[in-house]
Amino acid sequence: MPNPFFQPVSGFELPRFAGIPTFMRLPHVPLDDPRLAEVEIGLIGVPWDSGTTNRPGPRHGPRALRDASTMIRAENGATGVRPYEMVNCADLGDVAPNPADIADTMDRITSFYCKVLDAGIMPLTAGGDHLTSLPVLRAIAAEGPVGMVHFDSHTDLYHSYFGGTMYTHGTPFRRAVEEGLLEPERVVQIGIRGTAYDSEDRDFATSVGIRVIPIEEFHARGVDQVMAEAREIVGDGPTYVSYDIDFIDPAFAPGTGTPEVGGPNSYQALQVVRALRGLNVVAADMVEVSPPFDLGGATSYLGTSVMFELLCVMAEAISDPMKR
């Protein structure tokens, strides 16, 4: 029997434009709330974009995603999954960043997520730029490296920027491999495209065994074949899912800092997440939504729709005793 406290507020009870917005109209349960022990999936905002190297704005992503998520309802119309009846979900609030100090903010993020994991909660993150994923992974992979399915138009595997700056939104997964947080042979990056400075990032991917699926291959093979390979790569082991909104073509998701044309449409953006069903997903993120560049909230709504698909996959992973 679903716990009524953890059910989202229905639009039949309170109009969707009214009330204080939380992720998907779920209850807000801070880390010091006694109810935290009952939460199974926690939605967390990381309003931070100090790793951005060009157009800023993802620090405003969590607030916009929360607002857009008031339109999310109880049932997945495509899969029939009703996540709020399967597991207790709650909005755990935001990690408080230090916008003037990257290292301090990363420590704050890791500390926050360690508390979440210690409480037995599976986290679903709304960023924030893509550097956010690194301190989250430091908590997730504290007891051993994980695999990763990464949807993006960029590899984020560069060594450094501007002659030696090691922590930007273009370097998180290079650091994650170096720190032993990811098993590179269990990492697949899907949708990579656009112009490049050089081939250093892809050369690194090849050297450590990361599978890069460029957009040309994605379109030529189709969602089913690509995702079947992705599933084979990560296997049954613990898997992190990182979803950069710029994976999607900017015609559908213009509100991002580094858009790249030629990407998937909004339907394919949902299909790839549905294809993760049954994997041992232990955490996920949606990053790089930049409201200042959005048009009519389209990107925020697409981003929160992807988050709902991720939530459904995560709820099923928790409900399957073979995955716990």
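The values are calculated or read from the model by the stated rules, or taken from the named source; none is laboratory data. Just so it is clear, the model here is predicted, and its values are computed rather than measured. Every residue, glycine as well, gets a Cβ built from its backbone with ideal geometry; the counts of neighbours run over all protein chains shown. These area figures cover heavy atoms from the full protein model, side chains too; ligands, DNA and RNA do not enter into them. Shrake-Rupley method; radii C 1.70, N 1.55, O 1.52, S 1.80 Å.
Matching residues to (1) of a type in the set (Asp, Glu); (2) in contact (Cβ under 8 Å) with a residue 60 or more places away in the chain:
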residue	(1), (2)
Ala90	no, yes
Val95	no, no
Asp118	yes, no
Gly127	no, yes
Leu131	no, yes
Leu134	no, no
Ser153	no, yes
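Can you list the helices (runs of 4 or more DSSP H) lying wholly within the range 208-292 that have 3 or more residues being among the aliphatic types (A, V, I, L, M)?
223-234, 266-274
Listed residues Ala74, Ala78, Ala100; which is farther than 23 Å from Glu309 by Cβ and open to solvent by 30 Å² or more (accessible area, probe 1.4 Å)?
When all the criteria are applied, what remains is Ala100.
Conditions tested, residue by residue: (1) aromatic (Phe, Trp, Tyr); (2) in contact with a helix residue (DSSP H, G or I) (Cβ under 9 Å, 6 or more places away or on another chain); (3) crowded, with 20+ Cβ neighbours inside 10 Å; (4) farther than 21 Å from Thr53 by Cα.
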site	(1), (2), (3), (4)
Gly147	no, yes, yes, yes
Ser153	no, yes, yes, no
Tyr161	yes, no, no, no
Glu178	no, no, no, yes
Leu182	no, yes, yes, yes
Glu200	no, no, no, no
Thr206	no, no, no, yes
Val212	no, yes, no, yes
Ala230	no, yes, yes, yes
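Has the range 206-219 got any residue that is closer than 24 Å to Arg63 by Cβ and within 20 Å of the chain's Cα centre (by Cα)?
Filtering the range 206-219 down to residues closer than 24 Å to Arg63 by Cβ leaves none.
Scanning the range 206-219, I find no residue that is closer than 24 Å to Arg63 by Cβ and within 20 Å of the chain's Cα centre (by Cα), so the answer is no.
Touching a residue at least 40 places away in the same chain (Cβ under 8 Å), of a type outside the set (A, V, I, L, M, F, W, C), part of a strand (DSSP E or B) and open to solvent by less than 30 Å² (accessible area, probe 1.4 Å): which single residue out of Gly51, Gly11, Gly42 fits that description?
The match here is Gly42.
Looking at the range 237-258, which of the residues that are among the small types (Gly, Ala, Ser) and in contact with a Phe, Trp or Tyr (Cβ under 9 Å, 6 or more places away or on another chain) is surrounded by the most Cβ atoms within 10 Å (Cβ to Cβ)?
Looking at the filtered set, the residue picked out is Ala253.
Of the residues Val261, Val282, which is farther than 20 Å from Val46 by Cα, open to solvent by 30 Å² or more (accessible area, probe 1.4 Å) and among the β-branched types (Val, Ile, Thr)?
Of Val261, Val282, the one residue that is farther than 20 Å from Val46 by Cα, open to solvent by 30 Å² or more (accessible area, probe 1.4 Å) and among the β-branched types (Val, Ile, Thr) is Val261.
Kindly establish whether Ala142 is of a type in the set (Gly, Ala, Ser) and more than 18 Å from the chain's Cα centre (by Cα).
In short, yes.
Just one of Ala74, Ala78 is touching a Pro at 6+ places or on another chain (Cβ under 9 Å), in a loop (DSSP other than H, G, I, E, B) and within 23 Å of Glu316 (Cα to Cα); which is it?
On the way: Ala78 fails: touching a Pro at 6+ places or on another chain (Cβ under 9 Å).
Ala74 is the lone residue from the list that is touching a Pro at 6+ places or on another chain (Cβ under 9 Å), in a loop (DSSP other than H, G, I, E, B) and within 23 Å of Glu316 (Cα to Cα).
Scan (1) open to solvent by 20 Å² or more (accessible area, probe 1.4 Å); (2) outside any loop (DSSP other than H, G, I, E, B); (3) out of contact with any strand residue (DSSP E or B) (no Cβ under 8 Å at 6 or more places or on another chain) for the single condition Arg35 breaks and write down its number.
Here Arg35 meets the rest and fails (3).
If Gly93 satisfies every condition in (1) open to solvent by 40 Å² or more (accessible area, probe 1.4 Å); (2) more than 23 Å from Gly237 (Cα to Cα); (3) not in a loop (DSSP other than H, G, I, E, B) but one, which is the exception?
The number of the failed condition is (1).
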